[in-house]
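The values are calculated or read from the model by the stated rules, or taken from the named source; none is laboratory data. What you see is a predicted model, and the numbers here were worked out from it, not measured in a lab. Neighbour counts are summed over all protein chains in view; Cβ atoms, including those assigned to glycine, are modelled from backbone coordinates with ideal geometry. Only protein heavy atoms, including side chains, enter the accessible area calculation; ligands, DNA and RNA are left aside. Shrake-Rupley method; radii C 1.70, N 1.55, O 1.52, S 1.80 Å.
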Amino acid sequence: MKSFRKELWIETSARREFINITPDVDLCLQKSGIQEGLALINAMHITASVFINDDESGLHYDFEVWLEKLAPHSPTSQYRHNGYEDNADGHLKRQIMGREVVVAITEGKLDFGPWEQIFYGEFDGKRKKRVLVKIIGE
Ligand code: ZN
């Protein structure tokens, strides 16, 4: 069995941002040479997510509004976690959007359904963070 591991470094200019990392994962898959197997892609930080959905700006705006309703950033004093930090909302948003995705590898390609793309979701950005890509198979 072959195994491939890579850390993708991401630094957003905004506090919250969604980034399509499908091309980066695709590059990892090409480098791995794996034809049949599984790819795991996970955020390595607890205020960031990796999720699969549509690459459509209206939907991304809707996610932002929805997440802000569920876990508003302000007032920061509403959260017990905040004190030295102000990112309690980021932890909650990450929990909703998820830590990782698994994608099947078939005939050397990411075996997506229609419109599926892989996104990095940042909820406490403006600093360098990592996404782990692990691919196993033959
Ligand atoms: Zn925190």
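Distance between the 7 Å Cα→Cβ label points at Trp115 and Leu132: 3.2 nm.
The largest accessible area among Arg15, Arg99 belongs to the first residue in Arg99, Arg15, and the rest follow in falling order (1.4 Å probe, all chains).
Only helices at least 18 Å long along their axis, Cα-based, and averaging -1.0 or more on Kyte-Doolittle count here, so list those DSSP H runs from the chain.
Span-like helices, by this rule, are 57-70.
Taking each of Lys6/Lys93; Lys2/Lys126; Lys69/Lys129; Lys6/Lys69; Lys31/Lys69; Lys69/Lys134 in turn, the alpha-carbon distance tops 31 angstrom for Lys2/Lys126; Lys6/Lys69; Lys31/Lys69; Lys69/Lys134. Build a GNM of the chain with springs between Cα atoms under 10 Å apart, and of Phe18, Phe123, Phe63 the one that fluctuates most is Phe63. His60 sits with roughly 30 Å² accessible to a 1.4 Å probe, with DNA, RNA and ligands left out of the calculation. Comparing Glu11, Glu85, Glu68 in a Gaussian network model of the chain where C-alpha atoms under 10 Å apart are linked, the largest mean-square fluctuation is found at Glu85.
Remark: region 41-110 carries a charge dipole of roughly 320 debye about the Cα centre, counting +1 on each Lys and Arg Cβ and -1 on each Asp and Glu Cβ.
Shape summary: the chain maps onto an equivalent ellipsoid whose semi-axes, from the alpha-carbon gyration tensor, are 30, 16, 11 Å in decreasing order.
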